[in-house]
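**Student:** Starting off with a structure, shown below.
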Amino acid sequence: MIVRNVLVTGGAGYIGSHACTELLQANYRVVVVDNLSNSKAESLSRVEQITGKPVQFYQADIRDKQALTDIFSREAISTVMHFAGLKAVGESCEQPLNYYHNNVYGTLVLVEAMRDADVKQLVFSSSATVYGESVHVQYTEDFPLGPINPYGRSKAMIEDILRDLSAADTISKVQNPWKIALLRYFNPIGAHESGLIGEDPNGIPNNLMPYVSQVAIGKLAQLSVFGDDYPTRDGTGIRDYIHVVDLVKGHIKAIAALQGERFNAGACRAYNLGAGRGCSVLEIIETFERVTGKKVNYKIAPRRVGDLAECFANPERAIMELDWKVEKNLDDMVSDAWNWQKKNPEGYV
Ligand code: NAD
Ligand code: WQD
């Protein structure tokens, strides 16, 4: 069997470390580039522990063209999974230049290095944040884009760059055209069932699930539920939560799809990765309390600026074209998140 080498940018991070695990288990060889700005190398040791296989790690910034060129010349990379980037919406409003530099410029440097090395298969971490506000709450890929913060705009800009890159190859009918999957994630939560890898936010978490876990374990005093007066079934915000392991399995399926007929002549195509159903904040709390037996202390607080009432994915395209579907339910997401939290109360130390 031919072993294919996948370069995983941001592979030490939350989703990247789960992707490395899944890739190794699917018999790919994994090469990681990460500057550890929001992660620890310990996550990769844990990946090796779970899989019993090595990860080739380069500590480098994707904006360092020479470092990337060296990696491409040393490793016979066939495909790149691109997770490296900054992801906090609030921080992106305070530091827009940092976000555009890291995410947009970083991706430009990466695709230049890929082009120079003639590696033209890319799976990119996009986000449901790229969609504009809509009267429909279930999003399909052809919805108009219209992100409302610098983080979301950085993702939409990268998508535009990648579409342009692919279109240029299609027009000139090059031999080895760009094949690009833009994977738009909804709300990834949970952790690997081993409890060895998981989400390890710096400081106070912004996202709901790590916040709930830290309240339950006693690190944080109380969860604020941002708004109970939305036009939803219980008044709280509804999102499409997806288990991180289901999410990364979608990436493995995307690599396979890039080899298929749809991408033969080159293409850049977006796919929603979500479960296709929404859960409210109160439903998350109730599920957490039932599954873990822990009480979640919470209060109702004002709405958070920029939050939508409700959004969830229509994942039909990924189901049909990537031959992918979610396998885990909300109970699995919550129990795996809690297992990780209990086993690693201080994260990766
Ligand atoms: P994360 O912060 O845990 O992982 C990102 C990794 O990239 C980190 O290990 C960080 O050190 C690294 N990194 C950042 N900038 C880098 C640079 N310039 N050079 C090299 N490495 C760099 O985040 P995550 O939750 O694993 O997210 C991974 C990707 O998925 C991100 O691009 C994010 O925008 C996207 N995404 C995440 C979510 C989510 O809810 N977690 C949702 C949608 C999209
Ligand atoms: C979920 C729900 C909150 C925290 C964000 C990014 C998005 C994507 C995923 C990267 C909402 C409510 C939250 C809290 C709460 N990331 N909530 N109390 O906002 O859907 O998406 O992460 O691409 O870009 O915007 O996720 O987990 O922050 O919030 O009540 O302390 O929980 O209002 O309804 P969100 P979230």
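The values are calculated or read from the model by the stated rules, or taken from the named source; none is laboratory data. Because the structure is predicted, anything quoted here is derived from the model rather than measured. Using ideal geometry, Cβ is built from the backbone for each residue, glycine included, and neighbour counts are taken over all protein chains shown. The protein model used for the area step is the full one, side chains on, heavy atoms only, and it has no ligands, DNA or RNA in it. Shrake-Rupley method; radii C 1.70, N 1.55, O 1.52, S 1.80 Å.
**Student:** Let me confirm something: among Asp228, Asp240, which residue is touching a residue at least 60 places away in the same chain (Cβ under 8 Å), under 19 Å from Arg304 (Cα atoms) and open to solvent by less than 10 Å² (accessible area, probe 1.4 Å)?
**Tutor:** Asp240
**Student:** Residues in the range 269-286 that are farther than 19 Å from Gly235 by Cβ and not in a loop (DSSP other than H, G, I, E, B): how many?
**Tutor:** Here the count works out to 5.
**Student:** Right, another one. Would the range 302-318 turn up any residue that is open to solvent by 80 Å² or more (accessible area, probe 1.4 Å) and either within 16 Å of ligand 1 (Cβ to nearest atom) or part of a strand (DSSP E or B) (or both)?
**Tutor:** Looking through the range 302-318, at least one residue is open to solvent by 80 Å² or more (accessible area, probe 1.4 Å) and either within 16 Å of ligand 1 (Cβ to nearest atom) or part of a strand (DSSP E or B) (or both).
**Student:** Additional query: For the range 46-62, name all the residues that are open to solvent by 60 Å² or more (accessible area, probe 1.4 Å) and closer than 23 Å to Val104 by Cβ.
**Tutor:** Passing the criteria: only Gln59.
**Student:** Further question on the same structure: Return the pair list, or none, for Cβ contacts closer than 7 Å from residues in the range 50-79 that are among the aromatic types (Phe, Trp, Tyr) to residues that are part of a strand (DSSP E or B) and crowded, with 17+ Cβ neighbours inside 10 Å, at least 6 apart or on different chains.
**Tutor:** From the range 50-79, the pairs are Phe57/Val32; Tyr58/Val32; Tyr58/Val33.
**Student:** Still on this model: Which residue out of Ser39, Ser17 is modelled with pLDDT of 95 or more, open to solvent by less than 20 Å² (accessible area, probe 1.4 Å) and within 12 Å of ligand 1 (Cβ to nearest atom)?
**Tutor:** Residue meeting the stated conditions: Ser17.
**Student:** For Arg269, indicate whether it is within 23 Å of the chain's Cα centre (by Cα) and touching a residue at least 12 places away in the same chain (Cβ under 8 Å).
**Tutor:** So Arg269 fits the description; yes.
**Student:** OK, next. All but one of (1) free of Cβ contacts under 8 Å to residues at least 12 places away in the same chain; (2) surrounded by 22 or more Cβ atoms within 10 Å (Cβ to Cβ) hold for Val245; which doesn't?
**Tutor:** Against the list (1) free of Cβ contacts under 8 Å to residues at least 12 places away in the same chain; (2) surrounded by 22 or more Cβ atoms within 10 Å (Cβ to Cβ), Val245 comes up short only on (1).
**Student:** Still on this model: Would you call Thr79 away from ligand 2 (no atom under 16 Å from the Cβ), polar (S, T, N, Q) and closer than 21 Å to Trp340 by Cβ?
**Tutor:** no
**Student:** Under the condition of being polar (S, T, N, Q) and away from ligand 1 (no atom under 16 Å from the Cβ), which residue from the range 151-177 is modelled with the lowest pLDDT?
**Tutor:** Among those residues, the one meeting the criterion is Ser172.
**Student:** Looking at Leu220, is it open to solvent by less than 40 Å² (accessible area, probe 1.4 Å) and within 11 Å of ligand 2 (Cβ to nearest atom)?
**Tutor:** In short, yes.
**Student:** Okay, moving on. Against the definition (more than 11 Å from ligand 2 (Cβ to nearest atom), under 27 Å from Lys40 (Cα atoms) and in contact with a Pro (Cβ under 7 Å, 6 or more places away or on another chain)), how does Ile158 come out, yes or no?
**Tutor:** No.
**Student:** Only one of these is on the phi < 0 side of the Ramachandran plot, without any contact (Cβ under 8 Å) to a residue 60 or more places away in the chain and either open to solvent by 60 Å² or more (accessible area, probe 1.4 Å) or not in a loop (DSSP other than H, G, I, E, B) (or both): Glu327, Glu289. Name it.
**Tutor:** Glu289
**Student:** Report the residue count in the range 179-209 for those that are surrounded by fewer than 19 Cβ atoms within 10 Å (Cβ to Cβ) and either within 16 Å of Lys155 (Cβ to Cβ) or more than 8 Å from ligand 2 (Cβ to nearest atom) (or both).
**Tutor:** 7
**Student:** OK, next. Exactly one of these conditions fails for Ser172: (1) open to solvent by 20 Å² or more (accessible area, probe 1.4 Å); (2) of a type outside the set (Phe, Trp, Tyr); (3) within 16 Å of ligand 2 (Cβ to nearest atom). Give me its number.
**Tutor:** (3)
**Student:** Now for a different question. For the range 128-150, which residues satisfy the criterion of being closer than 23 Å to Arg277 by Cβ, within 14 Å of ligand 1 (Cβ to nearest atom) and open to solvent by 10 Å² or more (accessible area, probe 1.4 Å)?
**Tutor:** Result: Ala128, Thr129, Tyr131.
**Student:** Of the residues that sit in the range 64-80 and are within 10 Å of ligand 1 (Cβ to nearest atom) and open to solvent by less than 60 Å² (accessible area, probe 1.4 Å), which one is nearest to Gly106 (Cα to Cα)?
**Tutor:** Leu68
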